[in-house]
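Each remark here refers to the structure printed beneath this line.
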Amino acid sequence: MANMLRKIHPIMFVTLVVLISVTLLVFTETLTSAVLEERRQQQIVDELGNIFPEIDNFVYNEEIEVFTLYAGGVTIGYAFLAIGAGYVGDIAIVVGLEDSETVKGIIIISQQETPGIGDRITGGGFISQFAGLSINAVNFKQDGGQIDGITMATISSKAVIDTVRDTAIEKVKQIEGVE
Amino acid sequence: MASFSKEFSKGITISNPIFILALGLCPALAISYSLDNALGMSAAVIFVLLGSNIIISAARRIVPNIMRIPTFIVIIATFVTIVTLVFQAYVPNLYQSLGIFLPLIVVNCIILGRAEAFASKNPVISSIADALGIGLGFALALIVISLLREFLGTGGISISLFEQLFNAGSLSFTLPAFSEHPLAIFVLSPGAFLVIGLLMALFRWIGQKKND
């Protein structure tokens with residue numbers, strides 16, 4: 001029995017160390033994630049004017065996490081954050097909709113795709129294809145949509161396309177539910 | 001107290017991690033193209049080194065010998081993850097430019113090296129002195145390298161780190177004639193090797209002179 005105890009003691013010890021470590025990290029994460037959340041919100045607000053140059057006011061609906069955008073008192077569109085899994089990590093995209101059917105534009109605010117390959121999703125040539133498309137046309141050309149993917153970066157391009165389309169469809173439902 | 005200052009000063013001079021022990025060269029080469037990076041990296045390494053040295057030294061009698069290395073790695077990784085999270089939240093630009101080299105501090109051989117060679121065999125007070133000395137030695141080396149590289153490579157020095165942290169103004173200085181045609185090689189990888197190699201030679205030459 002004593003022999004047995006001597007054998008498992010090191011395992012118990014490391015397990016205990018890991019438990020303490022995880023507790024500490026969860027605590028730190030809770031502290032920092034609030035700051036990150038705030039910064040991300042600010043980032044979206046900063047990008048709104050780049051998608052809708054004529055914007056002069058916006059209202060944020062916290063419940064459905066959608067910005068309603070105004071110019072001269074008239075609704076000119078909606079914007080929201082779409083997050084989807086890319087090839088490496090999460091891709092965060094600000095999506096602007098002109099109305100419940102048409103995309104106004106998208107801007108990628110954070111991604112960790114492979115430098116030189118997948119990270120070309122942030123390039124203007126790819127991003128600009130989304131402007132003016134109907135939500136249902138946000139797909140690869142070979143899949144019935146109107147977007148050319150990026151050579152050698154199919155997974156990253158598809159991640160952006162799917163994230164934008166799926167989130168847009170979901171948000172439109174929520175927006176219509178509220179109104 | 002004599003030993004405290006001895007343990008402290010050895011890290012800066014006779015066992016300087018970069019110039020003499022040639023440890024931790026990977027981050028030193030990769031991120032030392034700007035002073036901001038050097039300061040951020042140094043702060044992160046000093047924090048992790050101090051934290052891990054204190055904990056490992058305090059726990060040195062209860063850590064089972066065969067589980068020594070895994071335990072050290074877990075302790076070091078904990079501190080590194082804390083630093084990574086804090087940098088991500090409070091200095092996002094620095095977090096971006098340090099990139100992968102911030103989480104890679106986990107496998108920085110300076111830190112595991114000090115844990116194994118010093119902290120696991122010595123009392124807490126000397127381990128603190130050791131961590132501060134080695135950490136400061138690393139920081140000074142990084143600052144000298146980055147000053148040279150940034151100045152030669154861009155024709156000026158600029159610090160925006162404090163601006164991000166405290167909303168203070170940014171400090172910058174440029175040499176007008178030089179900044180139009182800087183030696184761009186120094187901000188690129190070959191420049192890092194050149195600068196570190198020459199400084200290493202200089203450091204050793206001074207060391208030899210002193211010995212004679």
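The values are calculated or read from the model by the stated rules, or taken from the named source; none is laboratory data. Small disclaimer: the values here were computed from a predicted structure and weren't measured. Quick reminder, even Gly has a Cβ in these numbers, built from the backbone with ideal geometry, and neighbours come from all protein chains shown. All accessible areas refer to the heavy atoms of the entire protein, side chains included, with ligands and DNA or RNA removed. Shrake-Rupley method; radii C 1.70, N 1.55, O 1.52, S 1.80 Å.
The separation of the stretch A:29-65 from the stretch A:115-170, counted between C-alpha centres, amounts to 23 Å. Pairs exceeding a 20 Å alpha-carbon distance, out of A:Lys141/A:Lys171; B:Lys10/B:Lys121; A:Lys7/B:Lys121: A:Lys141/A:Lys171; A:Lys7/B:Lys121. Looking at the stretch B:97-173, the trypsin sites (Lys or Arg not before Pro) that sit in a DSSP loop and have at most 14 other Cβ atoms within 10 Å of their own Cβ are B:Lys121. Under a no-solvent Debye model with one identical scatterer per Cα of the protein assembly as shown, what's log10 I(q)/I(0) at q = 0.07, 0.08, 0.15 Å⁻¹? With one equal scatterer per Cα and no solvent, log10 I(q)/I(0) is -0.47, -0.60, -1.27. Expressed in Å, the radius of gyration and Dmax of the Cα atoms of the stretch B:1-108 are 15.1, 42.
Once the Kirkwood radius over Cα pairs is known for chain B, the Stokes-Einstein relation at 25 °C and 0.890 mPa s delivers a diffusion coefficient of 136 µm²/s. Taking every residue in A:19-27 and counting other chain Cβ atoms within 10 Å of its Cβ, the average works out to 3. From the Kirkwood radius over Cα pairs of chain A, Stokes-Einstein at 37 °C and 0.692 mPa s returns a whole-number translational diffusion coefficient of 177 µm²/s.
Using R0 = 45 Å, the C-beta based FRET efficiency linking B:Val107 and A:Val74 works out to 0.20. Connecting C-alpha atoms closer than 10 Å in a GNM of chain A, tell me which of A:Thr114, A:Thr151, A:Thr30 has the biggest fluctuation. In this elastic network of chain A, the residue with the biggest mean-square fluctuation among A:Thr114, A:Thr151, A:Thr30 is A:Thr30. Largest mean-square fluctuation among B:Ile69, B:Ile157, B:Ile196, in a Gaussian network model of chain B whose springs join Cα atoms under 10 Å apart, belongs to B:Ile69. For B:Lys6, the aspartates and glutamates whose Cα falls under 17 Å of its own Cα, not counting residues fewer than eight places away in the same chain, are B:Asp130.
When A:Ile150, B:Ile20 are compared by accessible area at a 1.4 angstrom probe, the order from most to least is B:Ile20, A:Ile150.
For the stretch A:99-134, the residues whose backbone nitrogen is under 13 Å from a point 7 Å from the Cα of A:Gln146, taken along Cα to Cβ, are A:101-105, A:128-134.
Normalising the Debye intensity of the stretch B:41-166 to I(0), with uniform scatterers on Cα atoms only, and taking log10 at q = 0.17, 0.21 Å⁻¹ returns -0.89, -1.18.
Applying the criteria of a DSSP loop state and at most 13 other Cβ atoms within 10 Å to the GluC sites (Glu not before Pro) of the stretch A:87-146 yields A:Glu101. Summing charges over neighbours of B:Ala38, with a neighbour being any other residue whose Cβ is under 10 Å away from its Cβ, gives -1 when K and R count +1 and D and E count -1.
Please go through the stretch A:115-167 and write out the trypsin sites (Lys or Arg not before Pro) that DSSP classes as loop and that have at most 15 other C-beta atoms within 10 Å. Please list the in-between numbers first.
Numbers: sites: A:Arg120, A:Lys141, A:Lys158, A:Arg165; in loops: none.
Counting only loop positions with at most 15 other Cβ atoms within 10 Å, none of the trypsin sites (Lys or Arg not before Pro) in the stretch A:115-167 qualifies.
Going by a ≥ b ≥ c, the root eigenvalues of the Cα gyration tensor, does the stretch A:123-179 fall in the rounded group (a/c under 1.5), the prolate group (a/b larger than b/c) or the oblate group? Prolate is the answer for the stretch A:123-179, as a/c is 1.5 or above and a/b outweighs b/c. If each residue of separation counts as 0.36 nm, what is the full-extension length gain between B:Lys209 and B:Cys26 once their alpha-carbon separation is subtracted? Stretched out fully, the B:Lys209 to B:Cys26 stretch lengthens by 63.0 nm.
How big is the Kirkwood radius of the stretch B:104-212, worked out from every pair of different alpha carbons and given in Å to one decimal?
This gives a value of 16.8 Å.
Against chain A, whose longest principal axis is taken from its Cα atoms, helix A:2-51 shows a tilt of about 20°.
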